[in-house]
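Every number here is computed from the coordinates shown, using simple stated rules; none is lab data. Just so it is clear, the structure is predicted and the values come from calculations on it, not from any experiment. Because the Cβ atoms are built from the backbone with ideal geometry, glycine has one as well, and the counts that use them run over all protein chains shown.
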Amino acid sequence: MKLIVSRAALADLERLQAFLAGKDLNAAQRAVSGIVSAIDSLVVFPDRGHPAGLAGTRDLFVPFGRSAYIVRFAHDLQRGEIVILRIWHGREARE
C-alpha cells in the first residue's frame, strides 16, 4: 500500500501541533506521534476506522486524553493507495 498525505492533512497536523504546543510541548509531541502511528497502521490494516459521510471515505479515531483526533482517509485497494484527506480534534468546532 502506498500512503499519500494531502496538503490539507499536513496543514491540519501542523495546526493541531502548534495549538497544543502552546499549552504543553510534551503533549503536542505525544499527540503527533500517536496520529502518525495510527496513520502508518493503515498500510497494514486499510479497513480500520468507520465509514464516513462521504462515499469511499473512512474515519479513524485516535484516542488522546478525554477525546480523540479524527483522521479522514480514502483507500483504493485496486491501486494500492491510501490517501489521508483531513485530520482534526474531536472537540474542534468545524464548519
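What to note about this one:
- Dividing the mean sequence gap of close Cα pairs (under 8 Å, 6+ apart) by how many residues the chain holds gives a relative contact order of 33 percent.
- On Cα atoms only, tilt of 7-21 relative to the major axis of the chain in degrees: 20 degrees
- Isotropic mean projected area of the C-alpha convex hull, the chain (nm²): 6.1 nm²
- Electrostatic bookkeeping for Ser67 treats Lys and Arg as +1 and Asp and Glu as -1; over the other residues with beta carbon under 11 Å from its beta carbon, the sum is +1.
- Computed from the C-beta positions of Leu54 and Glu14, the FRET efficiency with R₀ = 22 Å rounds to 0.40.
- Taken about its Cα centre, region 2-89 carries a charge dipole of roughly 120 debye when the Cβ of each Lys and Arg holds +1 and the Cβ of each Asp and Glu holds -1.
- Extension gain, Phe61-Val36: 0.36 nm per intervening residue step, less the Cα-Cα distance, totals 7.8 nm.
- Crossing angle, helix 25-41 versus the chain [Cα axis fit, 0-90 degrees, rounded to tens]: 10 degrees
- Net length gained if the chain between Arg94 and Lys23 were fully extended (0.36 nm per residue, minus Cα distance): 23.5 nm
- Dividing the summed helix terms, -39500 (n - 2.57) for each DSSP H run of n ≥ 4, by the number of residues in the chain produces a 222 nm estimate of -11000 deg cm²/dmol to the nearest 500.
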